[in-house]
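No value in this document is a laboratory result; all are computed from the given coordinates. Since the model is a prediction, treat every value here as computed from it, not as a measurement. Every residue, glycine as well, gets a Cβ built from its backbone with ideal geometry; the counts of neighbours run over all protein chains shown.
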Amino acid sequence: MAASAMKLAMAVACALALASACHGLQLGYYKQSCPRVEAIVRDEVKKFVYKDAGIGAGLIRLVFHDCFVEGCDGSVLLDPTPANPKPEKLSPPNMPSLRGFEVIDAAKDAVEKVCPGVVSCADIVAFAARDAAYFLSRFRVKINVPGGRLDGRRSLDSDALNNLPPPNFNVNQLIGAFAAKGLDAEDMVVLSGAHTVGRSHCSSFVSDRVAAPSDINGGFANFLKQRCPANPTSSNDPTVNQDAVTPNAFDNQYYKNVVAHKVLFASDAALLTSPATAKMVSDNANIPGWWEDKFAKAFVKMASVGVKTGYPGEIRRHCRVVN
């Protein structure tokens, strides 16, 4: 009876999306082996984010792009090599827009000086994103992120193309893409709120949001036309803020922009096309503190996707190359 009760408790924990309980991750994982690791990472993130808020937005995007491809295993950090000339970071969804690699390098170097060979790059990516959200939200978004991820050895550009949802997905495609990672529709809506910070290349939205008929606010469309070429090219592809109202604040303004039809991506606008997701957008826009709390929970679920806690995972000595 006791064993059955234990199995039931574990099943309930997984069903309630306490992902860390299902994947061998633990809060305070480095308490004995490297007790200062999270403080060290936070100090490095703070240095960079206070100089350039865009780096913070990049770190939040970095963990998403890591976790959706091969799980949260630091595979997005790997540089090209003769044996693997096209890793994830060179894939179109990541190149040239993905940012924050230098922060991970700095944090890893600082950690290695204190605790060599102990802390994975995958954990540093998750901790750094957590800290970026904390600083950009002016300390409102507080996330308890467990540790214990190991670093992966596979990194292919095609995996990124096949797993990262593009900016033109409709709501059903978005729900399906997130469901494939064990995340539900509310997680998708809540995590989309990260588009409240950061910038986007014009090529990601002009063709289907500005040049073609869409539900975009007319004044906002004219604003974008002044900043984007009608036909962006690799040599002429400017960036614009994803949130024109509070561009450097990690807040719920994104949802107010969705309601006002002042968002860049078709996938952002798509959140209004389903009654269920439209209600979530409205709640996130209008209930103080609602989104911040939801984001903290959804982040922990996302940062537990496909983690490696045994073979073939490893703890890389340098985040850009496998051991």
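Observations on the model:
- With the highest mean first, a sort of the peptides 162-168, 313-319 on other beta-carbon atoms found within 10 angstrom per residue produces 313-319, 162-168.
- If the segment from W290 to D184 were pulled out straight at 0.36 nm per residue, it would be longer than the present Cα-Cα gap by 36.4 nm.
- Distance between the 7 Å Cα→Cβ label points at N323 and M95: 2.8 nm.
- FRET efficiency, V245 to N168 (Cβ-Cβ, R0 35 Å, nearest 0.05): 0.90
- Here r is the Cβ-Cβ distance between F139 and A83 and R0 is 51 Å; the resulting FRET efficiency, rounded to 0.05, is 0.70.
- Convex hull volume of region 114-233 per residue (C-alpha atoms, cubic angstrom): 190
- Cβ charges +1 (Lys, Arg) and -1 (Asp, Glu), total dipole of region 53-115, debye: 180
- Zero-based 10 Å bins, Cα pair distances in the chain, whole percents: 6, 26, 35, 23, 8, 1, 0
- Taking a ≥ b ≥ c as the square roots of the eigenvalues of the Cα gyration tensor, region 171-301 is prolate, since a/c reaches 1.5 or more and a/b is larger than b/c.
- Gyration tensor verdict on region 22-106 (Cα atoms; rounded if a/c is under 1.5, prolate if a/b is larger than b/c, oblate otherwise): oblate
- Cα-projected label distance for K279 with N217, points at 7 Å along beta-carbon direction, nm: 2.6
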